[in-house]
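FYI, it's all coordinate maths here, none of it is from the lab. These numbers were taken from a predicted model, which means no experiment stands behind them. For neighbour counting, all protein chains shown are included, and Cβ atoms are generated from backbone atoms with ideal geometry for every residue, glycine included.
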Amino acid sequence: MKEITFYGKYAKLIADNKKTQTIRLWTKCSLKTDDIVILNCKTQNFQAKIVNIENILYSNLTNEIALFDGFNTLQDLQKALQITYPNINQNSNIFVIRWELL
């Protein structure tokens with residue numbers, strides 16, 4: 001089964017369904033819609049079904065995307081992404097991967 005890893009600090013947000021997606025700076029996404037995956041948060045794992053995958057530019061992130069990712073604002077999401085991916089920029093292609101917990 002495929003696995004997506006997360007910082008442990010996101011486990012509660014995932015468990016509470018406040019984080020229902022992830023954003024990844026990948027050159028290629030091996031996941032597909034309807035894949036069953038493990039969301040690995042180090043201390044806690046969840047099983048989920050991938051319901052949507054979008055490949056967009058970083059500059060096209062929206063407040064709605066930020067909310068699905070567990071952030072209150074787009075600016076909060078962008079700050080977190082800058083920490084995780086220091087080389088991310090407005091022209092970076094990113095994958096927005098949304099799931100439903102099983």
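Before moving on, here are some points about what is shown:
- Model label points for E3 and N40, set 7 angstrom from Cα along the Cα-to-Cβ axis, are 0.2 nm apart.
- FRET efficiency, 1/(1 + (r/R0)^6) with R0 35 Å, evaluated for L102 and N60 via beta carbons: 0.75
- Per residue, the average separation of C-alpha pairs within less than 8 Å and at least 6 apart gives the chain a relative contact order of 37 percent.
- Beta bridges from DSSP with both residues in the chain: antiparallel share about 80 percent, rounded to the nearest 5.
- For K49, the lysines whose Cα falls under 25 Å of its own Cα, not counting residues fewer than eight places away in the same chain, are K2, K9, K12, K18, K19, K28, K32.
- Placing +1 on the Cβ of every Lys and Arg and -1 on the Cβ of every Asp and Glu, with no other charges, gives the chain a dipole of roughly 260 debye about its Cα centre.
- Computed helical MRE - 222 nm, the chain, DSSP H runs ≥ 4 contributing -39500 (n - 2.57), nearest 500: -5500 deg cm²/dmol
- For segment 1-40, applying the loop criterion from DSSP together with a ceiling of 11 other beta carbons within 10 Å to the trypsin sites (Lys or Arg not before Pro) yields K28, K32.
- Stokes-Einstein diffusion for segment 2-101 at 4 °C, viscosity 1.567 mPa s, with a Kirkwood radius from C-alpha pairs, works out to 95 µm²/s.
- Crossing angle, helix 74-84 versus the chain [Cα axis fit, 0-90 degrees, rounded to tens]: 80
- Exposed chymotrypsin sites (Phe, Trp or Tyr not before Pro) absent: longest stretch of the chain, with sites in DSSP loops and at most 16 other Cβ within 10 Å deemed exposed: 27-102
- Estimated distance in nm for a label pair at K28 and K79, the labels positioned 7 Å out from Cα along Cα-to-Cβ: 3.6
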